[in-house]
1. Within the stretch 71-112, take every residue that is open to solvent by 10 Å² or more (accessible area, probe 1.4 Å), of a type in the set (Gly, Ala, Ser) and assigned to a loop (DSSP other than H, G, I, E, B) and give me the one that is nearest to ALA37 (Cα to Cα).
2. Residue check: is LYS401 open to solvent by 60 Å² or more (accessible area, probe 1.4 Å), at pLDDT 95 or above, of a type in the set (D, E, K, R) and under 19 Å from VAL217 (Cα atoms)?
3. Given the options LEU416, LEU411, LEU440, name the one that is part of a loop (DSSP other than H, G, I, E, B) and buried (at least 21 other Cβ atoms within 10 Å of the Cβ).
4. Check LEU213, LEU201 and return the single one that is open to solvent by less than 10 Å² (accessible area, probe 1.4 Å) and hydrophobic (A, V, I, L, M, F, W, C).
5. Go through ASP247, ASP221 for me and flag whichever is in contact with a His (Cβ under 8 Å, 6 or more places away or on another chain) and open to solvent by less than 20 Å² (accessible area, probe 1.4 Å).
6. Working only within the stretch 353-380, note down all residues that are open to solvent by 70 Å² or more (accessible area, probe 1.4 Å) and in a helix (DSSP H, G or I).
7. Which residue, of SER156, SER136, SER145, SER188, is closer than 18 Å to TYR422 by Cα and free of Cβ contacts under 8 Å to residues at least 40 places away in the same chain?
8. Going by the structure shown, is GLU350 in a helix (DSSP H, G or I), more than 30 Å from THR456 (Cβ to Cβ), modelled with pLDDT under 95 and out of contact with any His (no Cβ under 6 Å at 6 or more places or on another chain)?
Amino acid sequence: QVAAALKEGRVTPTELCRGCLSRIKSAKLLNAYITVAEESALKQAEESEGRYRRGQPLSILDGIPIAVKDNFNTAGIETTCASNMLKGYISPYNATVVQKLLDQGAVLLGKTNLDEFAMGSGSTDGIFGPVRNPWSYSRQYKEKSVPKSDSEHEESKWVITGGSSGGSAAAVSSFTCFAALGSDTGGSTRNPAAHCGVVGLKPTYGLISRHGLIPLVNSMDVPGILTRCVDDAAVVLGSLAGHDPKDSTTIQDVFQPFELPSLTDVSKLSIGIPKEYHAPGLSSEILSVWSKAADLFKNAGAKVIEVSLPHTRYSIVCYHVLCTAEVASNMARFDGLEYGHRSDMNKSTESMYAATRREGFNDVVRGRILSGNYFLLKQNYENYFIKAQKVRRLIANDFVKVFGSGVDILLTPTTLRDAVPYVEFIKEDNRTRSTQDDILTQAANMAGLPAINVPTALSERGLPIGLQFIGRSFQEKQLLTVAKWFEKQVKFPMIQLEEVKGHDHGVFQHQKSASL
């Protein structure tokens, strides 16, 4: 819609950019952004305006304001990973995905908040503080949860965004940008998408370049896409996918961008319902929404069958062994010598290393490094790391068998429940929270499959509930086509943002306008 408005001259890229920047300032309390690149964004918008005046826009993304998670390298803009270790670090180059967006004319508004080094599931563990879910300030949530007169009670009731790409999800949900990049290692794009009521796409491993994405788990990391509708996710995917000579894990085949067809007949579809995803802790509300979604497909003529992925129950343990092992390896580069934080400790090289890492990393990151190194010890390597790799293969084979049996798409919950208040969330440690929150999403990363969260309904508390669709490898078009059909059927309500109050943050009034 906004691309059409730009093309027709109803709004200019500069007006659009200024509108988004103004909105970011108004919604500062959400803490969605770490860095706002106002000067460069306005310059990019002016360049886009010149192209539109000449009738030569670069693409549908030309002039569209976007945001990027702060673990993607951006030339000239600080990249921190929400960590003291990289505070002040400015990369000399752009991540491939960032460069591709800029080459298409997109306007980069800034870098979004996250858990430190993307290790978490709430976007609460970074040095810049937690991200607040925009739905905390929605009419839907306020009417059901917070007495209007009790402002103190209201302050304690704000809910988390999920993580670790919570800043990107909040940025899209609060209308401060039209699309955002996240990263997805075990569900870090889909989890916050579910909690913030937006679309979150994790593409097939190898479809999008990881070059310039600061690595967490190389064998599972995928750049994720957050948008307000499925069609938008397909547009962004089309501009990012394809081979990158700087990333040897990307596919060699040329990727053809596609426009999603409007599916009218689902009778030839086979939808699988994995029984193992009825996991311990799954709320009755989510279960009910999941069942109704299955009935929706069934009533529309699709074949809906229960399937089994028997090794799913081992996947979360397997994921954490492999995740921490790769984290230990990846975090070794942060030693205080080449870039990032460097301690003043100068007794010896070893003491400088130790002090740098102690000062630069939080407890969560240090804990995962310790766990990973333990699993990689010579005496433990076979029993933990190798065994986990074997189980990972069994998990991947489960998906191969199910899709080989004729199932087209798997339908599962994305999260165990709706978003919880921050004060409740921080009662448990990061490891416990991540184990609970990744349980329904990380298996797709282990198998390298595409998966998407589609906002489906509101809970009794007026908060978003999302469902996850998992597709066959490199079959994004089919996955997104089904997701688009489902999105059209459920008609998820638009967030009605009333205001975001802070000590000096003013009022954030929601307007239903493509041009802001």
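1. Here the answer is GLY76.
2. Values: open to solvent by 60 Å² or more (accessible area, probe 1.4 Å): yes; at pLDDT 95 or above: yes; of a type in the set (D, E, K, R): yes; under 19 Å from VAL217 (Cα atoms): no.
Criteria not met by LYS401.
3. Working: LEU416 fails: buried (at least 21 other Cβ atoms within 10 Å of the Cβ); LEU411 fails: part of a loop (DSSP other than H, G, I, E, B).
Unique residue meeting the criteria: LEU440.
4. On the way: LEU213 fails: open to solvent by less than 10 Å² (accessible area, probe 1.4 Å).
Criteria check complete, one pass: LEU201.
5. Numbers: ASP221 fails: in contact with a His (Cβ under 8 Å, 6 or more places away or on another chain).
Criteria check complete, one pass: ASP247.
6. Correct list: TYR353, ARG358, GLU359, ASP363, ARG366, LEU370, ASN373, TYR374.
7. Numbers: SER156 fails: free of Cβ contacts under 8 Å to residues at least 40 places away in the same chain; SER145 fails: free of Cβ contacts under 8 Å to residues at least 40 places away in the same chain; SER188 fails: free of Cβ contacts under 8 Å to residues at least 40 places away in the same chain.
SER136 is the lone residue from the list that is closer than 18 Å to TYR422 by Cα and free of Cβ contacts under 8 Å to residues at least 40 places away in the same chain.
8. Details: in a helix (DSSP H, G or I): yes; more than 30 Å from THR456 (Cβ to Cβ): yes; modelled with pLDDT under 95: yes; out of contact with any His (no Cβ under 6 Å at 6 or more places or on another chain): yes.
Here the answer is yes, as GLU350 does meet what is asked.
The values are calculated or read from the model by the stated rules, or taken from the named source; none is laboratory data. Everything quoted here is computed from the prediction, not taken from an experiment. Ideal geometry is used to build each Cβ from the backbone, glycine not excepted, and the neighbour counts take in all protein chains shown. When the accessible area is computed, the model is the full protein with side chains, heavy atoms only, and any ligands, DNA or RNA have been set aside. Shrake-Rupley method; radii C 1.70, N 1.55, O 1.52, S 1.80 Å.
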